[in-house]
Amino acid sequence: MTPPAPFDPTYGYDLDRLLAVVAPQAPEDFADFWTLKYRRALAVDPGLALAPAADRRPGMRVWDCRYRSTDGITIGGWLLEPEQGAPQRGFLVGHGYGGIEQPDFPLPCAEAAYLVPCFRGIGRSRHAPISDNPTWHVLHDIDKPDRYIIGGCVQDLWIGVTALLTRFPGLAGHIGYMGISFGGGVGALALPWDERIGCGHLNVPTFGHQPLRLRLPTTGSAASQQRFAQTHGHVLETLAYYDAGSAARFIRQPMHIAAALFDPSVAPPTQFAIYNALAGPKQLFVLATGHAENPARIAQEHNLHDALTRFFCSDESRVPPLA
């Protein structure tokens, strides 16, 4: 691979070394910190509103959706549901930091409903004064651990689960999560505390091993955090509570992780820190590259889609509600 940046996007790690990366220990009050945020999110009535969407998917009915989240923010996105019959599974789908213009991702399960929210400040959920530019979005209230923007995005996800269950109460116990990059990191922070989500997939997830994120060169959102830290310091006082690797230690649900060996935006050791820390059943799909092109990308995406269909949709992989 030709590096798309003036540094080595493998960071000198081979697979064996990546599998040895240890995530940081969480602060002592980490669980209390997130449990309080979860309780606040559960207290919100999402007031899900739907309108027919211009987007089309074969076999699916597509709705434009809106729901209320914490801090008086309205979340916009899409809801996809089968044209025929009631959905047998439900998914929350988390987007990358570039946002999402339409729900054009592969669907692993045809008989499922998919809620695709735009996280606060981004895309259909723009909300002044939050910037939709990742460079600034990732810094919003970074000096205030309890107010940091990423915590609000996690609450958007949790309230999305509530919204999906108001539409389809029968999906209780049959909800999964799929998140890529930014959405992967948000998912890792959300899953430990929400037992309504029975299993998850994180694709090249960010926010893993925050001390490494602040040290390793990158073309991703961590670059702006590095610049901020150089000027202001004390960033880790906040980011220790938003470390997806530390959070993964608390995840008990079955998980599927796609992590890359070569990634200029989300350093591979920070991705593998999340996978390595997972405490429950887990599967790893190794990608040649993340956030970068490679000749085998299309074939690997097909293989990943097949793996997710087996993980989420086969009779053998059907995940019961957590005890």
Fill in: Every residue from the stretch 126-147 that is closer than 20 Å to Gly76 by Cα and either among the polar types (S, T, N, Q) or surrounded by 14 or more Cβ atoms within 10 Å (Cβ to Cβ) (or both)
Arg126, His127, Ile130, Ser131, Asp132, Asn133, Pro134, His137, Val138, His140
Practice prompt. Identify all residues within the stretch 148-182 that are buried (at least 23 other Cβ atoms within 10 Å of the Cβ) and over 19 Å from Arg68 (Cα atoms); write none if there are none.
Written response: Ile175, Gly176, Tyr177, Met178, Gly179, Ile180, Ser181, Phe182
Item to complete: Could you look through the stretch 1-41, keep only residues that are among the hydroxyl-bearing types (Ser, Thr, Tyr) and in contact with a Phe, Trp or Tyr (Cβ under 7 Å, 6 or more places away or on another chain), and pick out the one that is modelled with the lowest pLDDT?
Response: Thr10
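Quick check: anything in the stretch 86-97 part of a loop (DSSP other than H, G, I, E, B), aliphatic (A, V, I, L, M) and touching a Lys or Arg at 6+ places or on another chain (Cβ under 7 Å)?
No, the conditions are met nowhere in the stretch 86-97.
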Discussion item. Regarding the stretch 57-66, can at least one residue be identified that is within 30 Å of Leu214 (Cβ to Cβ) and surrounded by fewer than 16 Cβ atoms within 10 Å (Cβ to Cβ)?
Written reply: no
Discussion item. Going by what's in this entry, would Ala292 be described as surrounded by fewer than 18 Cβ atoms within 10 Å (Cβ to Cβ), out of contact with any strand residue (DSSP E or B) (no Cβ under 6 Å at 6 or more places or on another chain) and of a type in the set (A, V, I, L, M)?
Written reply: no
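Condition check: surrounded by fewer than 16 Cβ atoms within 10 Å (Cβ to Cβ), polar (S, T, N, Q) and over 22 Å from Leu239 (Cβ atoms). Does Gln25 satisfy that? Show your work before the answer.
Numbers: surrounded by fewer than 16 Cβ atoms within 10 Å (Cβ to Cβ): yes; polar (S, T, N, Q): yes; over 22 Å from Leu239 (Cβ atoms): no.
It is false that Gln25 is surrounded by fewer than 16 Cβ atoms within 10 Å (Cβ to Cβ), polar (S, T, N, Q) and over 22 Å from Leu239 (Cβ atoms).
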Discussion item. Restricting to the stretch 131-163, count the residues that are over 15 Å from Cys118 (Cα atoms), in a helix (DSSP H, G or I) and touching a Ser or Thr at 6+ places or on another chain (Cβ under 9 Å).
Written reply: 2
Worksheet item: strands (runs of 3 or more DSSP E) wholly in the stretch 1-85 with at least 3 residues that are in contact (Cβ under 8 Å) with a residue 40 or more places away in the chain and in contact with a Pro (Cβ under 9 Å, 6 or more places away or on another chain) - which ones?
Response: 60-68, 74-82
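I'd like to check something: does the stretch 268-275 contain any residue that is at negative phi and either at pLDDT below 95 or among the acidic types (Asp, Glu) (or both)?
Start the filter on the stretch 268-275 by keeping residues that are at negative phi, which leaves 268-275.
From what's left, either at pLDDT below 95 or among the acidic types (Asp, Glu) (or both): none.
No; the residues of the stretch 268-275 include none that is at negative phi and either at pLDDT below 95 or among the acidic types (Asp, Glu) (or both).
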Worksheet entry | Residue list for the stretch 130-167, restricted to those being farther than 25 Å from Phe91 by Cα and among the charged types (D, E, K, R) | Asp141, Asp143, Lys144, Asp146, Arg147
Worksheet, complete the sentence: Only one of Leu36, Leu50 is more than 30 Å from Asp263 (Cα to Cα) and exposed (fewer than 15 other Cβ atoms within 10 Å of the Cβ), namely Leu36
Worksheet entry | Test for Gly123: is it under 19 Å from Gly185 (Cβ atoms) and at pLDDT 95 or above | yes
Worksheet item: Does the stretch 265-276 contain at least one residue that is of a type in the set (Phe, Trp, Tyr), crowded, with 24+ Cβ neighbours inside 10 Å and in contact with a strand residue (DSSP E or B) (Cβ under 7 Å, 6 or more places away or on another chain)?
Response: yes
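The values are calculated or read from the model by the stated rules, or taken from the named source; none is laboratory data. Note that this is a predicted model, so its numbers are computed, not measured. Positions of Cβ are backbone-derived with ideal geometry, glycine not excepted, and every protein chain shown enters the neighbour counts.
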